[in-house]
Amino acid sequence: MHIQNKGNCATTFIVIAFLAHTVSGWGQEDSRTIFREIFAQEEPHLLITIDFEELLEKEDEELDATFRYAGNDKTWDVKIEARGKYRRKVCPFPPLRLNFKKGDLEDEGFKPFDKIKLVTHCSEEDVSLETIYEEYLAYQIYNCITDASFEAKLVRMTYTDSGVKYDPIESWGILLEPNNELEDRLGGKMYDKFNLPQDSLIPENYLQTALFQFMIGNHDWSIEMYKNIKCLYLPEKGKYMIIPYDFDYTGFVHPDYYQPEAQQGMTHIKDRLYLGKFFDDQLPAVIGSFLDAQDEVRSVCKGFKQLRNPARAEASNYINQFFRLLRNDADKISYGYRIPYN
């Protein structure tokens with residue numbers, strides 16, 4: 001076996017989230033979360049010890065591991081599971097799901113938000129780290145558009161083999177807001193829902209999702225197939241929000257394992273395809289909100305120094321192309337509208 005060894009908008013989002021939740025009860029001692037504590041650190045360093053061979057060989061099985069993070073002396077006994085069926089096929093190192101013991105979290109004064117996803121490096125090549133940085137940047141951009149989005153934190157990672165056969169791995173990852181923490185923040189409940197009908201959706205949220213996916217060149221999502229989205233039911237509205245995630249298989253990130261979808265007319269890895277089917281009459285207002293956010297989005301891209309040039313310039317150019325489209329050809333956007341990359 002072979003194991004290969006934040007911007008302005010993000011800051012604003014953190015401040016708004018902190019103030020909002022202090023008012024609603026967050027910020028109290030009994031309302032802390034482990035994700036929020038890590039999220040607040042400038043450059044978190046997480047340390048995971050797990051048997052590397054078991055991690056790569058045992059699919060859909062939770063494995064014993066330990067977890068630590070800088071700034072906290074506690075060593076947590078956790079369960080970790082490899083996730084991402086496609087990524088496990090194409091990457092030497094899989095994405096992970098961390099499962100904490102609810103009792104351990106409560107003993108430390110944290111709310112029992114126990115399952116946290118960790119987006120990991122695919123390999124130890126430099127281009128794989130660029131993929132991590134670019135996907136993290138995609139989450140930051142969507143945070144600029146709406147707070148109905150997963151919060152994400154770029155984290156420095158150290159993985160140690162408990163089997164003592166392989167050298168430690170130093171890399172980077174993306175820690176994602178737990179599902180139940182997002183539910184708590186937005187006041188909703190997630191359900192597994194396929195093929196949600198139009199009248200069950202919130203128009204502005206749906207269009208934000210569809211337009212953002214178009215922005216980053218993501219064709220790998222679907223409401224019909226419940227793919228790479230979460231469906232968050234809001235009781236006070238009696239409707240669902242769509243919360244997208246998993247932005248690696250996009251033109252914006254364009255990992256090595258990405259293949260254009262010929263059946264959708266894709267000829268280049270960075271082609272865009274608009275997949276929004278509903279609420280076309282309300283699209284101009286949402287396009288206007290995206291244009292209002294363009295300066296913040298550009299600032300986030302320009303200020304993200306971890307992503308070095310020419311990759312950062314390429315990412316900025318891809319986003320700028322999207323905003324030019326909104327300014328000049330917004331009336332052309334409807335379901336199936338494709339923009340070849342140039």
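The values are calculated or read from the model by the stated rules, or taken from the named source; none is laboratory data. These numbers come from a predicted model, not from an experiment. Because the Cβ atoms are built from the backbone with ideal geometry, glycine has one as well, and the counts that use them run over all protein chains shown.
Scanning segment 43-101 for residues that are among the hydroxyl-bearing types (Ser, Thr, Tyr) and at pLDDT below 90 gives a single hit, 86. Remark: residue 308 falls outside the filter, which requires a residue to be within 23 Å of the chain's Cα centre (by Cα), part of a helix (DSSP H, G or I) and either of a type in the set (D, E, K, R) or on the phi > 0 side of the Ramachandran plot (or both). Note on segment 27-90: enclosed helices (runs of 4 or more DSSP H) holding 2 or more residues that are touching a strand residue (DSSP E or B) at 6+ places or on another chain (Cβ under 7 Å) and outside the structural domain of residue 228 (by TED's automatic domain parsing) are 34-39, 52-57. The lone criterion from (1) of a type outside the set (Gly, Ala, Ser); (2) at pLDDT 95 or above; (3) closer than 20 Å to residue 135 by Cβ left unmet by residue 274 is number (3).
Of the residues making up segment 306-315, one or more are within 18 Å of residue 218 (Cβ to Cβ) and not assigned by TED's automatic domain parsing to the domain that holds residue 145. Going through segment 172-223 one residue at a time, which ones are small (Gly, Ala, Ser), closer than 25 Å to residue 257 by Cβ and not assigned by TED's automatic domain parsing to the domain that holds residue 122? Hits for segment 172-223 are 210, 217, 222. The single condition among (1) at pLDDT below 55; (2) surrounded by fewer than 17 Cβ atoms within 10 Å (Cβ to Cβ); (3) not in a helix (DSSP H, G or I) that residue 22 does not satisfy is (3). Of everything in segment 171-193 that is touching a Pro at 6+ places or on another chain (Cβ under 8 Å) and assigned to a strand (DSSP E or B), the residue that is nearest to residue 152 (Cα to Cα) is 175.
All conditions but one from (1) more than 22 Å from residue 307 (Cβ to Cβ); (2) crowded, with 20+ Cβ neighbours inside 10 Å; (3) not aliphatic (A, V, I, L, M) apply to residue 136; the one that does not is (1).
Conditions tested, residue by residue: (1) among the aliphatic types (A, V, I, L, M); (2) surrounded by fewer than 23 Cβ atoms within 10 Å (Cβ to Cβ).
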site: 108; (1), (2): no, yes
site: 111; (1), (2): no, yes
site: 120; (1), (2): no, no
site: 143; (1), (2): no, no
site: 164; (1), (2): yes, yes
site: 168; (1), (2): no, yes
site: 171; (1), (2): no, yes
site: 184; (1), (2): no, yes
site: 189; (1), (2): no, yes
